[in-house]
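The values are calculated or read from the model by the stated rules, or taken from the named source; none is laboratory data. Not measured: the values here are computed from a predicted model. Cβ coordinates were reconstructed from backbone atoms using ideal geometry, including for glycine residues, and neighbour counts include every protein chain displayed. We work out accessible area using only protein heavy atoms, side chains counted, and drop any ligands, DNA or RNA first. Shrake-Rupley method; radii C 1.70, N 1.55, O 1.52, S 1.80 Å.
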Amino acid sequence: MHNAENSRYAKTHEWAHMEGDIATVGISNHAQEEISDIVFVDLPKVGQQVTAGQNCCVIESVKSASEIYAPVSGEVVEVNTALNNDPGLVNREPHAGGWLFKIKMTAPADYEALMDLSAYQATIQK
């Protein structure tokens with residue numbers, strides 16, 4: 001089970017949790033607080049190839065639209081369809097039921113390059 005402590009973080013506030021060659025991706029609690037009330041999530045398509053750092057998803061809130069970037073490279077193998085009917089799940093459970101998509105990684109080194117929780121927290125406290 002992934003949680004904030006055993007996930008890795010991109011400087012753009014996405015988290016990834018690796019199980020085998022699959023990375024589950026979401027946004028950090030900090031990010032969902034900044035975005036505020038999420039009303040729509042435009043998820044990537046299953047089968048889509050993504051590159052680490054590439055925009056692949058959009059989250060819309062009552063105040064803005066935010067681009068979400070792939071923290072690792074690979075192929076999108078699953079999306080969280082529960083968000084179609086309940087996008088606020090990202091606000092309520094950013095590290096659990098509010099995950100966004102899963103990527104079959106082609107470059108595991110991308111995952112290793114991400115920050116651990118303490119390094120990520122240091123960047124958001126500046």
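Any residue that is at negative phi, part of a helix (DSSP H, G or I) and touching a Pro at 6+ places or on another chain (Cβ under 7 Å) - is there at least one of those in segment 28-36? Please lay out each step first, then the result.
From segment 28-36, those at negative phi are 28-35; that's our starting set.
If we keep only those that are part of a helix (DSSP H, G or I) as well, we get 29-35.
Of the ones still in play, those that are also touching a Pro at 6+ places or on another chain (Cβ under 7 Å) are 29, 32.
There is at least one residue in segment 28-36 that is at negative phi, part of a helix (DSSP H, G or I) and touching a Pro at 6+ places or on another chain (Cβ under 7 Å).
Since Asn3 meets every condition but one in (1) in a strand (DSSP E or B); (2) open to solvent by 10 Å² or more (accessible area, probe 1.4 Å); (3) of a type in the set (S, T, N, Q), which condition does it not meet?
All conditions pass for Asn3, except number (1).
Determine which member of the set Val46, Val90, Val79, Val39 is touching a strand residue (DSSP E or B) at 6+ places or on another chain (Cβ under 6 Å) and crowded, with 22+ Cβ neighbours inside 10 Å.
Working: Val46 fails: crowded, with 22+ Cβ neighbours inside 10 Å; Val79 fails: crowded, with 22+ Cβ neighbours inside 10 Å; Val39 fails: crowded, with 22+ Cβ neighbours inside 10 Å.
Step by step, each of Val46, Val90, Val79, Val39 is checked, and only Val90 is touching a strand residue (DSSP E or B) at 6+ places or on another chain (Cβ under 6 Å) and crowded, with 22+ Cβ neighbours inside 10 Å.
Among the residues of segment 58-74, which ones are farther than 17 Å from Gly47 by Cα, among the small types (Gly, Ala, Ser) and either touching a helix residue (DSSP H, G or I) at 6+ places or on another chain (Cβ under 9 Å) or open to solvent by less than 60 Å² (accessible area, probe 1.4 Å) (or both)? Even if it seems obvious, please write down each step before you answer.
Going through segment 58-74, the residues farther than 17 Å from Gly47 by Cα turn out to be 58-68.
Then keep just the ones that are among the small types (Gly, Ala, Ser); that gives 61, 64-66.
Answer for segment 58-74, where residues must be farther than 17 Å from Gly47 by Cα, among the small types (Gly, Ala, Ser) and either touching a helix residue (DSSP H, G or I) at 6+ places or on another chain (Cβ under 9 Å) or open to solvent by less than 60 Å² (accessible area, probe 1.4 Å) (or both): Ser61, Ser64, Ser66.
For segment 99-117, check the following and say yes or no: at least one residue is assigned to a loop (DSSP other than H, G, I, E, B), open to solvent by 20 Å² or more (accessible area, probe 1.4 Å), within 12 Å of Ala16 (Cβ to Cβ) and not hydrophobic (A, V, I, L, M, F, W, C).
For segment 99-117, residues assigned to a loop (DSSP other than H, G, I, E, B), open to solvent by 20 Å² or more (accessible area, probe 1.4 Å), within 12 Å of Ala16 (Cβ to Cβ) and not hydrophobic (A, V, I, L, M, F, W, C): present.
Quick one: would you say Glu67 is part of a strand (DSSP E or B), modelled with pLDDT of 95 or more and touching a Gly at 6+ places or on another chain (Cβ under 8 Å)?
Working: part of a strand (DSSP E or B): yes; modelled with pLDDT of 95 or more: yes; touching a Gly at 6+ places or on another chain (Cβ under 8 Å): no.
Answer is no for this residue.
Could you identify the single residue in Val72, Val41, Val77 that is in contact with a Pro (Cβ under 6 Å, 6 or more places away or on another chain) and in contact (Cβ under 8 Å) with a residue 40 or more places away in the chain? Reasoning before the result, please.
Details: Val72 fails: in contact with a Pro (Cβ under 6 Å, 6 or more places away or on another chain); Val77 fails: in contact with a Pro (Cβ under 6 Å, 6 or more places away or on another chain).
Within the list Val72, Val41, Val77, the selection yields Val41.
Looking at Pro44, is it part of a loop (DSSP other than H, G, I, E, B), more than 12 Å from the chain's Cα centre (by Cα) and at pLDDT 95 or above?
Working: part of a loop (DSSP other than H, G, I, E, B): yes; more than 12 Å from the chain's Cα centre (by Cα): no; at pLDDT 95 or above: yes.
Here the answer is no, as Pro44 does not meet what is asked.
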